[in-house]
Structures are given as structure tokens and as C-alpha cells.
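Here the structure is laid out as C-alpha cells; the discussion comes afterwards.
Any read-out appearing in this document is the output of simple, stated calculations on the displayed coordinates, not a laboratory observation. This one's a predicted model, so the numbers in the text were calculated from it and none came from an experiment. Note: ideal-geometry Cβ built from the backbone for every residue, glycine included; neighbour counts use all protein chains shown.
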Amino acid sequence: MKLSDREQGGIVILEPRGKIMGGPDATLLHDTLYGFIQQGKTRVVIDLGRIEWMNSTGLGILVQSYTTLKNSDGQLKLARVTNKIESLLTITKLVTIFESYDTVEDAVGSFQ
Amino acid sequence: MIKPEIKDNSIAIPSHQEFLPDVDVYIEGILRGYGADESVIADVAISVSELVINAIAHGNRAVRETPVTVTIDKVDGAVTITVTDQGQGFDPDDIDDPIADENLLRQVGRGIFIVRSLMDKVDIRAKENGTTVTITKAIS
């Protein structure tokens, strides 16, 4: 997995690419997110549009991110969830936890 | 064991998650050769990764030198994959229900549930010298 990030209107947008399956993926996303939290940036969108697939480790990273941000009075939202990830979120009932938007713009706009 | 070894229809890796991509590349390549569609390839790849992670962490207790072996075969329009470790097995019924409300925000515990949801068959065989999980998925 590769990871890039940008900010828009005070919202952090994380853009992982590839597959999230474990190992170094977990550390990279976790450390990047914590870096933003330490800067007081706790409104985050994860753009999943370039993720081919993720396994339970990837879902665990999303859950950890959601909980960490919530505990920091922040919020995590998902954008561009692919059909494969949508099915995993549904199977695991995590679809009841995460707010998802069709576009990054919609996700960013939802914070207003 | 220091690095992945590929032989016939199997790949063996040391017990470390850095080798997950090696297994993924191997399995996906063979599935594409079988003509499986991308959605099925993803489902199988996800499931194999779950089983390999469990084999590394729980079966082989992350002892790097202890191998995890993955084999793949196609019979009558279905692919069968086995993941073998040196551990003593587990009872999947002992795993907490990951979709129970009280467990939804747990970071772990979804792997076997996902495998059972995505695959047509899942079989777990524990023996004295290791555990083999066999998964089957129709690909045509």
C-alpha cells in the first residue's frame, strides 16, 4: 500500500492506494493518522477509491482510526468506497459504523 | 527458512507478514491463469491473506523460521487452496462473534468470519504436527 495525504478546508484527506493486507500497511496508516492528530487535525476523510481490496487487518485499521479520532473529539468519514469494500463493510456490519460518501467533495462538505 | 520458496503448485513463506505480498502475487497470478474473474480473485486473495496471517500469528506463533505453506489446485471449475502451519489448530466456534454489537469496534477477530462469508467451503484440520485450513471457491 502507498499512502498520500492532502488537506482541504481544514479537513485531512488520506489517499491509500493498492491493497491493505497487513504488515507495514498498518503501521503506515496508523502513524500518519497519529501525526495529524498530534497537530490537532482530527477531521479526516479516507478516500478508498484506489484500494483494490482490504482484509480484516485493513478493516481493523479503519476501526482503530475511527475510535482514535472519536476519542480526540474528531471524526472519520469514508469516500469512494468500492463495491468490494462495501461488501466487506456490509458482511461485518461495519457499514453501520462508518459514514460513506460517493465523492471526496461530498465527504469534505459533510463536515460543514 | 529465509525467503519464500515456490515449488510445483505451492508457496512456502517464513512466518512474517512482510511476505504476505509474495503469497498474494503467487495466488492471484495462478487464479488469473485459471481464468477467474477479478471479483472472485479478490475474494480468494482476501481469504488466503486472512488464513496466512492467522497461521503466522497463531499457528506458528510468529517464529520466523517456521514456514507457512499455501497450495492451490483447480478441480472441476473450483479452486481449492490449503494453508498449513505447524500449530495445534483452533476451534472457530471459540471465536467471539465479530458482528455482535459489543464486538463491532474491536480491531481484530474478523478474519475467519470473512473467510467463511466469502468462500464456498472452509475446512479446518488439526493434527499433532500442524493445522491445515482448506478453502474452496467456484471460479467458473
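Given the criteria in contact (Cβ under 8 Å) with a residue 60 or more places away in the chain, at negative phi and not small (Gly, Ala, Ser), does A:VAL81 qualify?
Numbers: in contact (Cβ under 8 Å) with a residue 60 or more places away in the chain: no; at negative phi: yes; not small (Gly, Ala, Ser): yes.
Here the answer is no, as A:VAL81 does not meet what is asked.
State the number of residues belonging to segment B:102-132 that are free of Cβ contacts under 8 Å to residues at least 60 places away in the same chain, more than 9 Å from chain A (Cβ to nearest Cβ) and of a type outside the set (Asp, Glu). Steps first, answer last, please.
Of the residues in segment B:102-132, the ones free of Cβ contacts under 8 Å to residues at least 60 places away in the same chain are B:102-110, B:113, B:116-117, B:120-129, B:132.
Those left that are additionally more than 9 Å from chain A (Cβ to nearest Cβ): B:102-103, B:116, B:120-129, B:132.
Next, only the ones that are of a type outside the set (Asp, Glu) stay: B:103, B:116, B:121-122, B:124-127, B:129, B:132.
Residues flagged as free of Cβ contacts under 8 Å to residues at least 60 places away in the same chain, more than 9 Å from chain A (Cβ to nearest Cβ) and of a type outside the set (Asp, Glu) within segment B:102-132 amount to 10.
Do you know which of the residues in segment B:18-47 that are farther than 19 Å from B:SER140 by Cβ, touching a strand residue (DSSP E or B) at 6+ places or on another chain (Cβ under 8 Å) and among the β-branched types (Val, Ile, Thr) is farthest from the other protein chains (Cβ to nearest Cβ)?
Applying the filter and picking the extreme gives B:VAL23.
Do we have A:GLY35 as farther than 30 Å from B:ALA55 by Cα and part of a helix (DSSP H, G or I) here?
Working: farther than 30 Å from B:ALA55 by Cα: yes; part of a helix (DSSP H, G or I): yes.
For A:GLY35, the condition - farther than 30 Å from B:ALA55 by Cα and part of a helix (DSSP H, G or I) - is met.
Can you go through B:ILE135, B:ILE99 and tell me which one is out of contact with any Gly (no Cβ under 7 Å at 6 or more places or on another chain), assigned to a loop (DSSP other than H, G, I, E, B) and within 14 Å of chain A (Cβ to nearest Cβ)?
Values: B:ILE135 fails: assigned to a loop (DSSP other than H, G, I, E, B).
Only one candidate passes the filter, namely B:ILE99.
Could we say that A:LEU62 is crowded, with 19+ Cβ neighbours inside 10 Å and at the interface with another protein chain (Cβ under 10 Å from one of its Cβ atoms) here?
Values: crowded, with 19+ Cβ neighbours inside 10 Å: yes; at the interface with another protein chain (Cβ under 10 Å from one of its Cβ atoms): yes.
Spelling it out, A:LEU62 is indeed crowded, with 19+ Cβ neighbours inside 10 Å and at the interface with another protein chain (Cβ under 10 Å from one of its Cβ atoms).
Which one is surrounded by the fewest Cβ atoms within 10 Å (Cβ to Cβ) among residues in segment A:84-97 that are without any contact (Cβ under 8 Å) to a residue 12 or more places away in the chain and at the interface with chain B (Cβ under 8 Å from one of its Cβ atoms)?
A:THR96
Identify the single condition in (1) in a strand (DSSP E or B); (2) within 14 Å of another protein chain (Cβ to nearest Cβ); (3) in contact with a Leu (Cβ under 9 Å, 6 or more places away or on another chain); (4) not hydrophobic (A, V, I, L, M, F, W, C) that A:GLU52 does not satisfy, given that it satisfies every other one.
(3)
Test A:GLY22 against the criterion of being without any contact (Cβ under 8 Å) to a residue 40 or more places away in the chain, at positive phi, crowded, with 20+ Cβ neighbours inside 10 Å and of a type in the set (Gly, Ala, Ser), and give yes or no.
yes
Restricting attention to segment B:1-55, report how many residues are over 17 Å from B:ILE135 (Cβ atoms) and in contact with a Phe, Trp or Tyr (Cβ under 9 Å, 6 or more places away or on another chain).
Filtering segment B:1-55 for residues over 17 Å from B:ILE135 (Cβ atoms) gives B:1-8, B:12-19, B:21-22, B:25, B:29, B:32-33, B:35, B:37-38.
So of that shortlist, the ones also in contact with a Phe, Trp or Tyr (Cβ under 9 Å, 6 or more places away or on another chain) come out as B:3-4, B:6, B:13.
Final tally of qualifying residues: 4.
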